[in-house]
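Here's the structure, in structure tokens; my notes come after.
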Amino acid sequence: MIEKISSMAIVITKKENKLKVLLLNSEGEWVFPKGHVEANETELDAAIRELYEESNVKVCAQESIGQVDEYKFYFSGENAVKVIKVFAFIINDEREITYNKNEGFIDGKWVEVDDALKMLKHNDAKNALEKTIKKIK
């Protein structure tokens, strides 16, 4: 069995004492930006690149609080175990989101954390967000 590594970006901003997180809607499902780590790229760099490619939101490595989670699942479409490395970023402002329609995204927005936990379908993504919030509080 082969392993394929992807990186995910959870981006948090604080506005009016409320934490908000960036979510993208991929064909009806709310998700965090993520994708494969490319050759000669660090896992952190992949999270930053995927975030930009999918949402047009730029962050830098200095805004990262590091890897906050990792999870695995079997993906039958590639007959592989996918390893998702989750990196969190704390930024000062709600940067404009321009979701990438060519990647299958139909919406993107900043959502309060409690609402995001209700909108996310997968428990792994919910757990990663909860770990991120615990780490920044």
Strands (runs of 3 or more DSSP E) within segment 1-102 that include 3 or more residues β-branched (Val, Ile, Thr) and either at pLDDT below 95 or under 23 Å from residue 117 (Cα atoms) (or both) | 2-15, 80-91
By residue number, the members of segment 103-124 that are farther than 25 Å from residue 16 by Cα and part of a helix (DSSP H, G or I) are 103, 123, 124
Specify the residue that is farthest from the chain's Cα centre (by Cα); the eligible residues are those in segment 35-54 that are in contact (Cβ under 8 Å) with a residue 24 or more places away in the chain and within 13 Å of residue 100 (Cβ to Cβ).
-> 53
(1) buried (at least 19 other Cβ atoms within 10 Å of the Cβ); (2) within 16 Å of residue 68 (Cα to Cα) all hold for residue 44 apart from (1)
Keeping to segment 117-134, report how many residues are farther than 22 Å from residue 64 by Cα, polar (S, T, N, Q) and in contact (Cβ under 8 Å) with a residue 12 or more places away in the chain.
-> 0
Is there a residue in segment 96-113 that is more than 20 Å from residue 64 (Cα to Cα) and hydroxyl-bearing (Ser, Thr, Tyr)?
-> yes
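Yes/no per residue for (1) more than 12 Å from the chain's Cα centre (by Cα); (2) free of Cβ contacts under 8 Å to residues at least 60 places away in the same chain; (3) surrounded by 14 or more Cβ atoms within 10 Å (Cβ to Cβ):
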| residue | (1), (2), (3) |
| --- | --- |
| 75 | yes, no, no |
| 87 | no, no, yes |
| 96 | yes, yes, no |
| 109 | yes, no, yes |
| 113 | yes, no, yes |
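The values are calculated or read from the model by the stated rules, or taken from the named source; none is laboratory data. Only a predicted model underlies this, so the values are computations on that prediction, with no experimental measurement involved. Glycine gets a Cβ as well: all are built from the backbone with ideal geometry, and neighbour counts include every protein chain shown.
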